[in-house]
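My questions all concern the structure below.
Just so you know, all these numbers are worked out from the coordinates, no wet-lab data involved. As the structure is a computational prediction, the values presented were derived from the model and not from experiment. Here the Cβ is made from the backbone with ideal geometry for all residues, glycine too, and neighbour counts use every protein chain on show.
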Amino acid sequence: MLIFMLICVFFVSLAEKTTKAKIEINEQELLIKRLNEIVSNYDNPILDDKFYKTIDLHGIEQMITIFPAKTNNTVFAHLVEHTYPNGYNGNIRLLTGINVDGSLLGVRVVNHKETPGLGDKIETRKSNWIKSFTGLSLKNTERSKWKVKRDGGIFDQFTGATITPRAIVSSAYQILDYFSKNEIK
C-alpha cells in the first residue's frame, strides 16, 4: 500500500509540474495576443520593458504590470494589466491600453470567471461590446456618464448580466482617472 501511495504521489507531482509549465506558456501567449489586439505599432521588446507598480486601484492595493509601447524609443502608450475585484463571480483580470494623450486604446479581458452565456460577453470572441471603449477618455466622455445605461450612463449592459458590464465600465473609468492624476513611471 505504501509503495502504491508513493507511486501515485510521484505521478501526481509530475503531472502538476508538467501542466503548470503549459499553463504558464498558455497565459503568456494569451497576454501577447491581448497586447497585440490593443496596440501593434510598437518597436520595443514590450514584454522585456515591462515594470511593476503597487498602487491602490479599484478599492484594493494591487501590483499592476505596465507595458510601455514605444516607437523610436519614445513611449506613445502604456498597457496596464490589473485586477478588478468586483465581477459577478470574483476577480476580472484586465489589460487596458492608455494612449499618452489619456485616451483608451482598448480594454481586453485576460482572465475571468463570469457566467458563461451571460457575463462572458466581455470576451471579444463572444461579443464586440468591449471594443466600444476604444478612443474614449475623461476629456471626451463626461465623468458622470461612465456607467451602464441602467444607471444613467452611456454603456450598454447585457440582458441578465448587468454586474459584469458595470465592473468593466467602472474599471476603465478608474484606471483612466488614476493615470490622469498620477504619472506612469
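Please list log₁₀ I(q)/I(0) at q = 0.12 Å⁻¹ for the chain, using the Debye equation with identical point scatterers on the alpha-carbon positions.
So the normalised log intensities are -0.61.
Further question: Apply the Kirkwood formula to the range 60-103: the hydrodynamic radius equals the inverse of the mean of 1/r over all pairs of different alpha-carbon atoms; give it in Å with one decimal.
Mean inverse Cα-Cα distance, inverted, gives 11.7 Å.
Once you charge only the Cβ atoms, +1 for Lys and Arg and -1 for Asp and Glu, what is the size of the charge dipole of the range 1-80 about its Cα centre, to the nearest 20 debye?
About 160 debye.
Among the lysines, which fall within straight-line cross-link reach of residue 126, defined as a Cα-Cα distance under 28 Å, with same-chain neighbours fewer than 8 residues apart omitted?
20, 22, 33, 113, 145, 147, 149
With all distinct Cα pairs included, what does the Kirkwood hydrodynamic radius of the range 38-84 come out to in Å, to one decimal, could you say?
Taking the inverse mean of 1/r over all distinct Cα pairs, the range 38-84 comes out at 11.4 Å.
So, one more: Any idea what the dipole of the chain comes to, in debye rounded to 20, about its Cα centre with Lys/Arg Cβ at +1 and Asp/Glu Cβ at -1?
Dipole size: approximately 420 debye.
Say a paramagnetic label sat at a point 7 Å from the Cα of residue 49, along Cα to Cβ; which residues of the range 2-42 have their backbone N under 11 Å from it?
So the set is 41-42.
While we're on this one: Please report the equivalent ellipsoid semi-axes of the range 4-46, computed as sqrt(5 x eigenvalue) of the Cα gyration tensor, largest first, in whole Å.
The equivalent ellipsoid of the range 4-46 has semi-axes of 38, 8, 4 Å.
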